[in-house]
Amino acid sequence: MIKKLVTWFTKPKDSNRAMIWRELYADVFQNCLKFCAYSVSGSQAMKAENMRAFFDFLNHLVMLGANKSSERLPDINYNYGYGRIKNLAVIVPGLCFFLSGVYNFSTPMAQVFYFKEAAELLTITPASFSLIFLSSFVEFWLFYKNLGNIKEFPASLSFKESLKGRLKLSYDIITQKIDIDPIQNAIAIENVLAVMGVCTPIATSALYYVTNLWWLDPLGQAINGVIQMYLGYLIIEDNSKILIDKSVNEEYMKKVREFISSRNGVLKVWKLKSKYLNSTEYSIAIDIAYDPKKISSSVVEELKSDIEQASKGRSEEEIKQLITKATEFVLVKTDEFNRGLKIEVKQQFPDVADIDIEQLKIRPISKDEYRSS
């Protein structure tokens, strides 16, 4: 039973679910250690880390439910599927981190006026420092394990190479150079924040122990606050764009519109809408009018011999067949124009992951106009 649990815990089938449960189990253990470290040391930097860790625990509970709900299939009332529940859920940790960061950044300002009380609370001894140091190990382990779930690293790699690969992966996630599942993205950012968060009280406590400068501890709290605000902002900003169908910036879309308008066979671009699909890709929907002369000249070229034969007094049945053939060629040519345009746009703008082309006429043509033409 224990062996099966360990196997499931370390080699999961569902990476998201396993990462969340791993975080929850670790939260219980490490939060106890962190609370003890804060109680013994009175470090404000450790207090900031405790706040982050507590919000982490609550957020992982939210993520667990969101991950389960996101497995449901989309229905007619929810065009984008339940996958967006993940984007909504991970905004919660982002908001909590940001608010926690604001508190932990502003509190040291108040301590400037009450430095005596703050200094009296701080008790850095070898025992309390050991507890602070010990409480950091779980965060390093979570960072290593979770990034290994997001990307599989060869078992042949040495620990140093594997760690280097994980550091590069975490950098790519934070700078939005790669696109991954929203929950995995949020957990990876949390892990980076957590490693930075636990390193701050370690560094400031060690410096305080050596120098006895009281302001180093609130400085550590403020640094922790800045880190929390920044990473909270990253989570909120990325997922909010997706949830509210935010369009790509106007200047960039102007370039896309101009490029499409300049393509061979395009007469007019009526509408061009865009929305973010994730942090690196977006989709566009185009209402477009092709040049009828361009399409007709292509069709005439294809049917040149048939037209010449029809003009030599062919039967009504043969003319009907020619019209049918011409109609088929119009559809084929229009499809070729669509596919060619999509290829050209994607080559010029690699960020465009999805293109929806709606073909429109220049204006509606009535039956009377058609008959008189």
Exercise. By counting other Cβ atoms within 10 Å of each Cβ, how are Arg52, Arg263, Arg339 ranked from fewest to most?
Worked result: Arg339, Arg263, Arg52
Problem set entry | In sequence order, calculated HN-Hα J values of segment 100-106 (Karplus, 6.51, -1.76, 1.60; Hz; x Gly/Pro) | 4, x, 4, 4, 6, 7, 7
Problem set entry | Cα-projected label distance for Ser158 with Lys254, points at 7 Å along beta-carbon direction, nm | 5.3 nm
Problem set entry | Interchain or long-range residues, amide H under 5 Å from Ile357's placed H | Ile286
For this session: At 7 Å along the Cα-to-beta-carbon direction for both Gln348 and Phe29, put a label point, then send me their distance in nm to one decimal.
Result: 5.6 nm
For this session: For Ala285 and Thr125, compute 0.36 nm times the residue count separating them, minus their Cα-Cα distance, and round to one decimal in nm.
Result: 51.3 nm
Exercise. To the nearest 0.05, how large is the calculated FRET efficiency for Ser39 and Tyr230 if R₀ is 30 Å and r is the Cβ-Cβ distance?
Worked result: 0.60
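Among 31-41, 346-356, what's the highest-first ranking by average C-beta atoms within 10 angstrom per residue?
Final packing ranking: 31-41, 346-356.
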Exercise. How many nm separate the modelled label positions at Leu99 and Phe137, each set 7 Å beyond the Cα in the direction of the Cβ?
Worked result: 3.4 nm
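Quick note: the coordinates plus some simple rules give every number you see, no bench work behind them. What you see is a predicted model, and the numbers here were worked out from it, not measured in a lab. Don't worry about glycine lacking a Cβ; one is built from the backbone with ideal geometry, like all the others, and counts go over all protein chains shown.
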